[in-house]
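One structure is given here, and the rest of the page talks about it.
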Amino acid sequence: MSENISTQLEDGILYVTLNRLDKKNAITNDMYIELINIVAEYESNQQAKVLLLTGSKMCFTAGNDMVSFLEQPPVDDNSESPSFLRAISLAKKPLMAAVNGPVVGIGATMLMHFDLVYAGSSAKFVMPFCNLGICPEGGTTLLLPQMIGHKKACELIMFGEPFDSQTAKECGFINDFFNDDEYLDKIISKAKKLAKQPASSIRLTKAMLKHNHAPAMKETLYHEGVEIRKALKTPESREAMSAFMEKRRPDFSQFN
């Protein structure tokens with residue numbers, strides 16, 4: 001447990017809570033390292049049957065901490081954020097998430113590696129990769145079209161506009177959503193129910209469900225990482241990042 005992430009194991013559920021509300025739970029490189037270690041410990045702990053990731057009741061995460069990201073961008077496949085995405089994609093035990101408020105960037109893409117995702121009615125999902133002059137991450141280019149179809153995936157990614165819980169449920173991005181005052185209790189109840197299921201059966205079922213696309217996922221994570229690192233060096237990306245830090249609208253008209 002640290003200042004920015006808290007954990008608690010109770011009744012077979014490992015509760016993992018992002019707790020950096022002054023920065024809208026934006027994730028730093030140090031936090032990625034901590035999350036990687038938490039997932040590894042969860043996988044090896046026989047008492048832990050389900051991992052449930054949450055933020056606050058009104059804020060899941062604003063995604064990457066941009067200051068941390070720009071000071072220490074990913075340099076290879078073993079950098080912090082790609083290592084975290086690889087860790088959750090390879091997790092053998094079930095991963096659950098309860099989200100609300102901002103669910104931005106990697107906060108949204110990581111959810112595609114979770115087995116069950118529920119939201120509060122005020123959740124706003126955003127995948128702003130094209131807005132930042134880069135490409136999607138986290139196996140998004142493989143998983144999102146499988147989940148919601150090619151055209152809807154293009155709409156959500158290419159425009160990078162927020163979509164709500166109703167849209168997320170309708171297109172299969174999340175399982176369901178509930179009123180803000182009850183969504184967390186609802187998913188905790190589901191997590192408790194899952195924790196009582198036969199653990200070996202749950203692990204086997206998850207492995208079988210992911211078996212067919214596992215090789216493609218490994219390749220996609222690697223390829224996306226290579227392309228993101230290239231894109232971060234382009235004029236479009238530099239303009240987008242500068243505009244973000246300067247709190248202004250980026251101007252891409254000068255680029256082809």
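Suppose the filter is small (Gly, Ala, Ser), within 22 Å of PRO73 (Cα to Cα), buried (at least 16 other Cβ atoms within 10 Å of the Cβ) and in contact (Cβ under 8 Å) with a residue 12 or more places away in the chain; does ALA168 pass it? No; evaluated as a whole, the condition is false for this residue. Within segment 195-239, the residues that satisfy the criterion of being over 17 Å from PHE69 (Cα atoms), of a type in the set (A, V, I, L, M, F, W, C) and touching a residue at least 40 places away in the same chain (Cβ under 8 Å) are ALA195, ALA199, ILE202, ALA207, ALA216, MET217, LEU221. MET147 fulfils the conditions (1) within 30 Å of MET58 (Cα to Cα); (2) at pLDDT 95 or above except for a single criterion, (2).
Checking the structure you have, find out if any residue of segment 19-34 is of a type outside the set (S, T, N, Q), crowded, with 20+ Cβ neighbours inside 10 Å and in contact with a Phe, Trp or Tyr (Cβ under 8 Å, 6 or more places away or on another chain). Yes - at least one qualifying residue is present in segment 19-34. The single condition from (1) within 23 Å of LYS193 (Cβ to Cβ); (2) touching a Ser or Thr at 6+ places or on another chain (Cβ under 6 Å) that ASN45 fails is (2). Meeting the requirement of 2 or more residues that are in contact with a strand residue (DSSP E or B) (Cβ under 6 Å, 6 or more places away or on another chain), the helices (runs of 4 or more DSSP H) wholly within segment 162-256 are 165-170, 183-195.
Of all residues in segment 130-142, exactly one satisfies the criterion of being of a type in the set (A, V, I, L, M, F, W, C) and modelled with pLDDT of 95 or more, namely LEU142.
The values are calculated or read from the model by the stated rules, or taken from the named source; none is laboratory data. On a predicted model such as this, the values are computed, not experimentally measured, just so you know. Ideal geometry is used to build each Cβ from the backbone, glycine not excepted, and the neighbour counts take in all protein chains shown.
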